[in-house]
């Protein structure tokens, strides 16, 4: 557990001293990317795209040096097919995840939200609570105005 050098308050606390408070907004939880056992889709896709880009750069250099290189042309086609498959798989995963959430009951969605909320760092939970309270106040404003108008009549 890390703590501020000046105030000794843990870095994942909601508030600290004047030295560490400005830094808290730039801190992220390591768990946001998922565990090593289940790496996040964004991490895996980023690594895959990076590897494909590196290979593509190498093949392009080969084709530039020797435009008639049949093997390099075959590799270029293979890389293009790989990119297409990665993109297709990512779209399918995204659509499957969205449909899974849409098919959940209200209780299942609420449980999913509560589980996600419980895993948030305290600073993120505070920020989310503030945004939810702001939303509730804005949503309730027309009701308050209507109630005030009815009461004044």
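The values are calculated or read from the model by the stated rules, or taken from the named source; none is laboratory data. Model, not experiment: these values are computed from the prediction. Backbone-built Cβ (ideal geometry, glycine too); neighbour counts: all protein chains shown.
A few points about this structure:
- Qualifying residue in region 91-104 (condition: touching a helix residue (DSSP H, G or I) at 6+ places or on another chain (Cβ under 7 Å), surrounded by 15 or more Cβ atoms within 10 Å (Cβ to Cβ) and part of a helix (DSSP H, G or I)): no
- Residue match in region 39-51 (condition: at pLDDT 80 or above, more than 18 Å from the chain's Cα centre (by Cα) and either in a helix (DSSP H, G or I) or exposed (fewer than 12 other Cβ atoms within 10 Å of the Cβ) (or both)): yes
- Count of residues meeting criterion [under 28 Å from the mean Cα position of the chain (by Cα) and either assigned to a loop (DSSP other than H, G, I, E, B) or on the phi > 0 side of the Ramachandran plot (or both)] in region 3-18: 8
- Hey, residue 129 touching a helix residue (DSSP H, G or I) at 6+ places or on another chain (Cβ under 7 Å), within 22 Å of residue 21 (Cβ to Cβ) and surrounded by 11 or more Cβ atoms within 10 Å (Cβ to Cβ) or not: no
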